[in-house]
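Handing you a structure now.
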Amino acid sequence: MSGGPRWLAMATALLLAPPVAAVAPRLAAAQQGDSLGTVAPARATTPPAPPESTARVAVPPAHQAAATAPHSITPEQAAGVKPGAMCGICHSAVRVEFDRGVHKLEGLACTSCHGGDANATTVAAAHRAPFRGVPRRRDIPALCASCHSQVSRMRPYNLPSDQYALYQTSQHGIRLAKGDEKVAVCTDCHGVHEIRPPSDPRSSVFTRNIPATCGKCHGDPKLMHLYGRKDNPLVEYTTGIHGKALLEQGNNAAPECTRCHGSHSATPPGVGDVEKVCGQCHSKVRSYFIAGPHKEAMDAAGLPECAACHQNHKILPVTIATLDRVCIECHEQGSDEIKLAGTFKSMVTRASDEIDRAEKLVHEAERIPLYVDDYKSRLIDAHTALLEAYPVMHALDASLVEPHTRRAWSIASQVRTEIHTKLAGRVWRYVGLALLWFYLLVTAAVVMRARRRAAAESRR
């Protein structure tokens, strides 16, 4: 059949199709699985309610395409469609999304999740049992696990096969098992049809996108209020040093939500486990913290270890100026603990001020100009030594902190002394050069005067 007659036939079929109000009830009956493959007569002017779901997740418009599509597909419409791809004729928007996802690449089809017959040319036949349609929220994790829990299917992709088991131990999984369908299920985080791998920057679970993905629920004040939460972790995270490093500076090594809480086994760390979580990145800090008196005292008092001083989501930069403010929250003014904080502050401030003075002198010497690259490298060593003092403070032992601050001060002091020596020598060289030029000018003046006298006498 040529192109013209084919389009004419399609147009005729559409013109002769029954009105939507008459077709919708029959489509709804067919979607419920007519065992005879026939369409039930129209009894109402509105379709039945969609499958059970929650108010948070609305059925996408693409899922409702069948309500406005003919109840059967003409041979002309089916011509050229690949086997097993008939679903896309009615659900075209969904097909476009699915084609962009990773599941299409791995050979999955609509029927892999929704059931039915993807080769059928009528809605009744396509939706014949076993057809599950849109899965209920409570059934989505188990549905995804039907593939993702199979070791043989996950091994070729080097993917774990225990994610469903971990999900069941999470707060999300535990609450879902109790009937709370407001909690997150697989599709809330990974998407529905356009599922992309975590390595794809367009994926909702790409490193930099995870805070926004988790924030869809945990940044919703109304939803969090239902669980007795008044804080907003998303806002707090984005204003802290971790959020700024990840979202503003593009540092993918900075932790996002899952690095601390887990992904599928998402659960807040226990009071005595916070240092283990933070220690995944801050291993040296953790070793000194465990060696100090704070570990046992905080666990006994029920304090969340690192978060007690540094906060949990809104983690602010730690400076020596914060010691007085932080320590006074637990310790009395004038106590030995406050005095120790003052000692730390004094040692660090002394070294830091010496480094600042040395850096200013280096900049002055560079403008002369003098060769200062060696001095710059040594001041980097001084900064490193000073930074090494901060983790050691968690042991609460001044004798362990002092060698680091002393080394930082010593390096900066040596740089200052050497530059002063060079600048002083340079001044004397300038003085000597000035005296030399004065001597040369005086000598030249005397010679020229003598020549003039000689010339004058010769003329007499």
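What FRET efficiency, computed as 1/(1 + (r/R0)^6) with R0 = 41 Å and r the Cβ-Cβ distance, is obtained for residue 438 and residue 364, rounded to the nearest 0.05? Don't jump to the answer; show the numbers that get you there.
Values: r = 28 Å, r/R0 = 0.67.
Computed FRET efficiency for residue 438 and residue 364: 0.90.
Can you return the aspartates and glutamates within cross-link range of residue 276? Criterion is Cα-Cα under 19 Å, with same-chain partners fewer than 8 residues away left out.
In chain and number order, the partners are 256, 296, 299, 305.
Kindly rank 207-217, 446-456 from highest to lowest mean number of other beta carbons found within 10 Å of each residue. It would help to have the intermediate numbers written out before the result.
Working: 207-217: 18.4, 446-456: 9.5.
Ranking, from highest mean packing down: 207-217, 446-456.
Over the Cα atoms of the range 156-219, what is the Rg over Rh ratio if Rh follows Kirkwood?
Numbers: Rg = 12.7 Å, Rh = 12.9 Å.
Value, to two decimals: 0.98.
I'd like the carbon and sulfur percentage of the solvent accessible area for the range 112-259, probe radius 1.4 Å, heavy atoms only, ligands and nucleic acids excluded. Could the numbers behind the result be given before it?
Details: 4620 of 8220 Å².
The computed percentage sits at 56.
Would you mind telling me the share, in percent, of accessible area of the range 379-439 contributed by carbon and sulfur at probe 1.4 angstrom? Provide the component values of the computation, followed by the final result.
Numbers: 2590 of 3750 Å².
Carbon with sulfur: 69 percent of the solvent-accessible area.
First select every other residue whose beta carbon is under 15 angstrom from the beta carbon of residue 231; then total the charges, Lys and Arg +1, Asp and Glu -1. Each step should come with its number before you reach the end.
Details: positive: 222, 229, 230, 314; negative: 220, 236.
That sum, taken over residues with Cβ under 15 Å, equals +2.
Once Rh is set to the Kirkwood radius over Cα pairs, what Stokes-Einstein translational diffusion coefficient, in µm²/s, holds for the range 194-326 at a temperature of 25 °C and a viscosity of 0.890 mPa s? The partial results should precede the final answer.
On the way: Rh = 16.2 Å.
Rounded to a whole number, D works out at 151 µm²/s.
Grab every C-alpha pair in the range 274-358, bin the distances at 5 angstrom width from 0 up to the longest one, and report whole percents.
In order of increasing distance, the bins hold 3, 12, 18, 24, 22, 12, 6, 2, 1, 0 percent.
Shifting gears a bit: Around residue 115, which amide H atoms from residues at least 5 apart in sequence, or from another chain, sit under 5 Å from its own amide H, with H modelled in the peptide plane?
The answer is 132.
Quick check of the Kirkwood formula: for the range 122-271, what is the inverse mean of 1/r over all pairs of different Cα atoms, in Å? Present the calculation step by step, with values, prior to reporting the outcome.
Values: mean 1/r = 0.0583 Å⁻¹.
Mean inverse Cα-Cα distance, inverted, gives 17.2 Å.
Ok, one more. Give the Kirkwood hydrodynamic radius (Å, one decimal) of the range 353-460, defined as one over the mean of 1/r across all pairs of different Cα atoms.
Its Kirkwood hydrodynamic radius stands at 17.9 Å.
Want the number for residue 166 to residue 324: 0.36 nm per residue separation, take away the alpha-carbon distance, what's left?
Details: separation 158, 0.36 × 158 = 56.88 nm, distance 4.22 nm.
So the chain would gain 52.7 nm between residue 166 and residue 324.
The values are calculated or read from the model by the stated rules, or taken from the named source; none is laboratory data. Everything numeric here is computed off the predicted structure, so don't read it as measured data. Every residue, glycine among them, receives a Cβ derived from its backbone with ideal geometry; neighbour counts consider all protein chains shown. The area values use the complete protein model at the heavy-atom level, side chains included, leaving out ligands, DNA and RNA. Shrake-Rupley method; radii C 1.70, N 1.55, O 1.52, S 1.80 Å.
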